[in-house]
Structures are given as C-alpha cells and as structure tokens.
Amino acid sequence: MTHTPSTPPEDSLLGPVALKPGLDWSALDHVDTWIFDLDNTLYAAGSRLFDQVHRRMTAFIMESFSLDREAALTLQRDYFRAHGSTLRGLMLRHGLDPHDYLNYVHDIDVSVLPPAPELGAAIDRLPGRKLVFTAGSTAHADRILTRMGIVDRFEAIFDIVAADFVPKPAPEVYDLFCSRYGVDAATAVLFEDSARNLAPAAALGMRTVWINTGEPFSLLGSKGDHIDWVSPDLSLWLEAYLAHLDTAEQDGSAR
Ligand SMILES: [Mg+2]
C-alpha cells in the first residue's frame, strides 16, 4: 500500500500501513537493532498513563510558581513548544534541578498498566538488540517495564539524563544514542508515537515506525517522507511483522 505523505492516511488508525511506494517487510531483512520509545509506544496510549505524568507536570509548575492551573498549563505548553520539553524550558529559564522535577512528575500509579506477556513474546522474536530511547528517566522506564513484565527484554535504557536533558527530536541526541551503544543507523528501526521524533532517525538512515495514537502530540510532524510504517499500536505492528516472518519461514526464505 502506498500513501502520499501529506496527511496521515485514513486507515492509519486501523492497522499497520506502509507509507512508501514499493516498501515491504523485506526492507527490514537487514535490521539488527530495534529501538523503542517508551511513553505511548511500549505501553498503549489508551492506558492514559501519560495523562498522569502530564497532570503532575502541571501540578509541579503550579506549586513552583504559585500559578493557577490555566496559567501553569500555558507555561507548560509554551516551554514545550519553545524548548522541545517543559523540563528543558524550566532548566534554561529558571535553573531548575531536573532531578526534582523528574522524581515529581514520574510519581504516578503504574498499576493501570496490565502485564504484557504477548508483547514480551513478540519482542523476543525480533532478531537482534532491543533498546529503549525515552524522554523520561530510567527509573520511570524501569518501573513501567517491570510492571508490564518486559524489563528484561531490553539491553539498555537511554534516558533524558543520558541525553543531558536535551529532548528528542534534537539531532545531536540521536548521534549520542548511536555512539553510546554502537548502533549503526542503517541497520536500526525506531518506534515512536511522536511523528516529529522520527525525522532525525530517518535522516540518519534508520527505518521508522510511527505509532499514531490519533492525539495532537502524536500527529505533530507527521507530514513528510520520514515515516516508513504507521500503526495505531505497537502490538498490531509486531503481529503483522511476525506473521510475515512466519510466512517467510514456511517458504524457506527465512532470514
Ligand atoms: Mg512517546
């Protein structure tokens, strides 16, 4: 299936869709590194878990600056737009200690997430290394992945501290990630719910999978040719790809 990359295709919220003319699963035959965003990618946006983080961000700003909710939300949004993350804005403009902020905003109830043994099994079948690339903290990622029962699937978690608090999609963070783990972008795939965060990955030569949650933040930056596949949910994409691997194995043409 092909799609002119101007707007998300109508069926991008139904199942995995390849967005480029001629693109098929064989484009992944050479892939040996699978990179996953955490929030709203490894766990589904439908859990509303990230809403808890978002509300904690607002509460942190309300308390820190004695603002009402409306003013805090405005500041939160403005800093996100201007600096790539609310945290980055707070650090640059107010000298905020990022660790205080991260501990506060990640103090959430992860019990809303169900254990995810099927997702773990699907990730197991991907041939090669698996890494997490998150704008949250390692403690946050570790807590969530432990709750889901999949934390041991990943070789490492590259977090916002490792990124020196510079959020995706700053290109230098992708360079740092690749050099830290010896990742060859030409043999890697990035899964992300934020479409704009896929652009630097594609520029480096990675394959890209956009998890389109249908939310404004997910859709931001979805125009362009930096997206290879789109799927409403990581599990659906993996199911489709693993079905392809099954077929290839039966045909004797397995990788
Ligand atoms: Mg995300």
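What the table shows:
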{"read-out": "Stokes-Einstein D (µm²/s) once Rh is taken as the Kirkwood radius of the chain over alpha-carbon pairs, at 25 °C in 0.890 mPa s", "value": "130"}
{"read-out": "Fraction of antiparallel bridges per DSSP, the chain only, in percent to nearest 5", "value": "10"}
{"read-out": "For the range 1-106, radius of gyration divided by Kirkwood radius, i.e. Rg to Rh on alpha-carbons", "value": "1.12"}
{"read-out": "Full-extension gain in nm, residue 242 to residue 99, via 0.36 nm per residue minus C-alpha separation", "value": "47.6 nm"}
{"read-out": "The range 104-212 shape via C-alpha gyration tensor axes, a/c threshold 1.5", "value": "oblate"}
{"read-out": "Computed FRET value (nearest 0.05) for residue 151 with residue 48, which takes r as the C-beta separation and R₀ as 30 Å", "value": "0.90"}
{"read-out": "Karplus-derived HN-Hα couplings along the range 189-196 (A = 6.51, B = -1.76, C = 1.60, θ = phi - 60°), whole Hz, x at Gly and Pro", "value": "10, 10, 9, 8, 7, 8, 4, 5"}
{"read-out": "Nonlocal amide H pairs with residue 156, under 5 Å, H built at 1.01 Å", "value": "132"}
{"read-out": "99, 83 arranged by Cβ crowding within 10 Å, fewest neighbours leading", "value": "99, 83"}
{"read-out": "Alpha-carbon centroid distance for the pair the range 177-255 / the range 21-66, whole angstrom", "value": "13"}
{"read-out": "Inter-label distance, nm, simple model (7 Å from Cα along the C-beta direction), residue 13/residue 77", "value": "2.0"}
{"read-out": "Shape category assigned to the range 55-161 from the gyration tensor of Cα positions, a/c cut at 1.5", "value": "prolate"}
{"read-out": "Mean Cα-pair separation over length for the range 184-255, i.e. relative contact order, pairs under 8 Å, 6 or more apart, %", "value": "26"}
{"read-out": "Kirkwood Rh in Å, taken over the range 49-105 so that all alpha-carbon pairs contribute", "value": "11.1"}
{"read-out": "Burial ranking of peptide ranges 113-126, 150-163 (average Cβ count within 10 Å, highest at the top)", "value": "150-163, 113-126"}
{"read-out": "Projected label distance in nm at residue 59 and residue 24, using a 7 Å step from Cα toward the beta-carbon", "value": "5.2"}
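Read-outs throughout are calculated quantities, based only on the coordinates presented, and are distinct from any laboratory measurement. Since the model is a prediction, treat every value here as computed from it, not as a measurement. All Cβ positions, glycine included, derive from the backbone under ideal geometry; neighbour counts span all protein chains shown.
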